Structure formats: structure tokens, C-alpha cells
Amino acid sequence: MRIARFTTGDDPRYGIVQGEGDEQWIAEVGGDPLYTPVSGTGQRVDMADARLLAPVIPRSKIIGIGRNYADHAKEMGNDLPTKPLMFLVPNTAVVGPGDPVVMPDLTNEVSYEGELAVIIGRMCKDVPADQVKSVIFGYTCANDVTARDLQRGDGQWARAKGLDTFCPLGPWIETDLDPEDLRLVTRRDGEVVQDGRTSDMVFDVPTLVEACSRAFTLLPGDVILTGTPAGVGPVTDGQRVEVEIEGIGTLSNPFVRR
């Protein structure tokens, strides 16, 4: 099931995406699927009349995972971590599909990072890997945008990865998905720059959720960014980056210089 958060010019609403390609539409539901029971409203919204929003705005946290693909760690000149490498991103970094990623004058070296994002569905702590499926609500595409110069200069990653608009999510949440071996492709202005598979992760999704839940109490709507494959690179003013993940869809965002 594909759950979208959208607007037609009024307050955000939720719905279930139906159809494929140019024939997609949204069956509106009442309530917030992450926090309350929902039911259909009987309203149908054509996709052309809706603006898709970030499918979730975490009320608690985004947990990023660094160096979780061996080829990416190698291209950055880093050793593989022996345990999941975690960092936190503020929810003010989140934007939705089509929203601009605004590159401030704080940084002169911005990179894209296409990633699979895990959406937590219920409060949990110390979740064993074999029970992780029960706490996952679904999955979406993410672009873990990074200011490389700030990352190097700060020595930690909060500012480099947490600037406003630096965490695009979307286009919707897919609730029925096996994340074990999905193709992940990132395009910059239409050119393929990343082409990997989630099966190449150093730590798979169950291992990541288990590790994150040992460190933090996870709440509904929390997001875990699972790392990026090789091929990260710079993006400049006026370029567009697309992150496409098999079984989910495509997240597309323009980059602008402020």
C-alpha cells in the first residue's frame, strides 16, 4: 500500500495512491495513518490536482547511518565501521518531492546521497532483529544531502547533514515491501550517478533497527536513513536530483543556491 501525504491548496491530508503511471489517483483517508485509525472518506483526488508533501515529518528524530555500503566507504577513503555508525538529523531538514533543496552560503560543497528510508510504526525499544518487521510502518526514498566542507571542518555531521531542506523524503510510504534486495538509482540532471542494491548494505535493515532501538527509544514516524551506495558527488545551483528505488518510486528535487 502506498500512503501519501498531500495537499490541494488546503491543510495536508493523507490518502492511498491507486493506479500506475499517468493513471494514478489518491483515495483520501481521514486521520493520520501513523498515529490514529483511518478510514476512507470517499473522496478521490486526481494526482494532477494534488501536490505531494513529505510523507512523514518526524515528531521525534531522523537517524542517519553512515558508511553502510562498502563501495561508498572506499570511495570516501574510510574504513568500514564494525557497528552501525549513527548520527541525528533535525526534522526541520525534511522537505517533500519537488521541493527545492536550498544550499546556503554556509557551504560551497554540497553532495547528493540517494538512500532507502525506514519509517517506524510504533513505539519500541531493544527490538530483536527477528522482530523488526513488527515495528516498521513502511519505506520511502530519501536524499541525505551533505555539505562536505562542513562535514570535514566540524568533525561531526550534525550541521553538514541537518541544514534546512537537506533531507528530502518521498514520494510516499510503501508499506508492503521487502527491503533485502532493491535496486537504488540516483540521477543528476537525468544522468545515472548511483546504481546500487540494498543487498550490498554492510548492515541490513533488521540489524539497523535493532541497533538504533538499543540506543534510542523509537517513536512512530521516526525515520532511519540506511546509507548510500558509491557514486556520491557534487550538485550545483539549478541541477535536479532524482532518487528511484525499486518497489517505491522516484523522489525528485531541484537544488538552488540562496
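The values are calculated or read from the model by the stated rules, or taken from the named source; none is laboratory data. The model shown is predicted, which means the values in this text are computed figures rather than measured ones. FYI the Cβ positions are ideal-geometry reconstructions off the backbone, even for glycines, and counts take in every protein chain you see.
Some notes on this structure:
- Every residue from the stretch 244-258 that is under 19 Å from Glu174 (Cα atoms), of a type outside the set (Gly, Ala, Ser) and not in a strand (DSSP E or B): Glu246, Ile248
- Qualifying positions in the stretch 171-227 - farther than 25 Å from Cys124 by Cβ, surrounded by 18 or more Cβ atoms within 10 Å (Cβ to Cβ) and not aliphatic (A, V, I, L, M): Pro171, Thr186, Arg187, Arg188, Gln194, Gly196
- In the stretch 19-28, the qualifying residues are those that are on the phi < 0 side of the Ramachandran plot and exposed (fewer than 14 other Cβ atoms within 10 Å of the Cβ), and the one that is modelled with the lowest pLDDT is Asp22.
- Within the stretch 32-74, the set of residues being assigned to a strand (DSSP E or B) and more than 16 Å from Glu115 (Cβ to Cβ) comprises Ser39, Gly40, Thr41, Gly42, Gln43, Arg44, Val45, Asp46, Arg51, Leu52.
- Index of the failed condition, Arg59 passing every other in (1) in contact with a helix residue (DSSP H, G or I) (Cβ under 9 Å, 6 or more places away or on another chain); (2) modelled with pLDDT of 95 or more: (2)
- Counting residues in the stretch 61-74 that are more than 12 Å from the chain's Cα centre (by Cα) and closer than 18 Å to Gln239 by Cβ gives zero.
- Selection status of Phe216, modelled with pLDDT of 95 or more and more than 14 Å from Glu115 (Cα to Cα): yes
- The residues of the stretch 1-31 that are in contact (Cβ under 8 Å) with a residue 60 or more places away in the chain, of a type in the set (A, V, I, L, M, F, W, C) and assigned to a strand (DSSP E or B), listed by number, are Ile3, Ala4, Val17.
- Residue in the stretch 156-169 that is within 19 Å of the chain's Cα centre (by Cα), acidic (Asp, Glu), farther than 26 Å from Ile57 by Cβ and surrounded by fewer than 18 Cβ atoms within 10 Å (Cβ to Cβ) present: no
- Some residue of the stretch 84-98 being over 19 Å from Phe216 (Cβ atoms) and surrounded by fewer than 21 Cβ atoms within 10 Å (Cβ to Cβ): yes
- Filter result (over 26 Å from Val192 (Cα atoms), charged (D, E, K, R) and in a loop (DSSP other than H, G, I, E, B)) within the stretch 113-131: Arg122, Lys125, Asp126
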